[in-house]
1. Among the residues of region 39-55, which ones are hydrophobic (A, V, I, L, M, F, W, C) and surrounded by 10 or more Cβ atoms within 10 Å (Cβ to Cβ)?
2. Considering only region 22-38, how many residues are basic (K, R) and under 19 Å from the mean Cα position of the chain (by Cα)?
3. Any chance you could count how many residues in region 15-30 are part of a helix (DSSP H, G or I) and either open to solvent by less than 70 Å² (accessible area, probe 1.4 Å) or modelled with pLDDT under 95 (or both)?
Amino acid sequence: MATLTIRLPDDKYSRLKALAQSRGISVNKLMEELSTIALAEFDAQTRFQTLAMQGDVARGLEILARLDEHN
């Protein structure tokens, strides 16, 4: 496991500490959870972009047009 040192303004650290306490976890665990969320979002965006580059624009527009017809 790696160690990461970050510098934060005191007020931001205090707010993060209060958030962690409200969840009953340490600031370290909170940062681990927040980084997991950020990485999941990044991975989803990367997968979407990869799939979008492989897609057929005309087919995508056709699907969107059919969705509009149903609304």
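The values are calculated or read from the model by the stated rules, or taken from the named source; none is laboratory data. Remember, it's a predicted structure, so these values are computed and weren't measured experimentally. Glycine also receives a Cβ, built like all others from the backbone with ideal geometry; neighbour counts cover every protein chain displayed. Surface accessibility is based on the protein's heavy atoms, side chains included, excluding ligands, DNA and RNA. Shrake-Rupley method; radii C 1.70, N 1.55, O 1.52, S 1.80 Å.
1. The initial filter retains those residues of region 39-55 that are hydrophobic (A, V, I, L, M, F, W, C), namely 39-40, 42, 44, 48, 51-53.
Of everything in region 39-55, those that are hydrophobic (A, V, I, L, M, F, W, C) and surrounded by 10 or more Cβ atoms within 10 Å (Cβ to Cβ) turn out to be L39, A40, F42, A44, F48, A52.
2. 1
3. Going through region 15-30 one residue at a time, the tally reaches 6.
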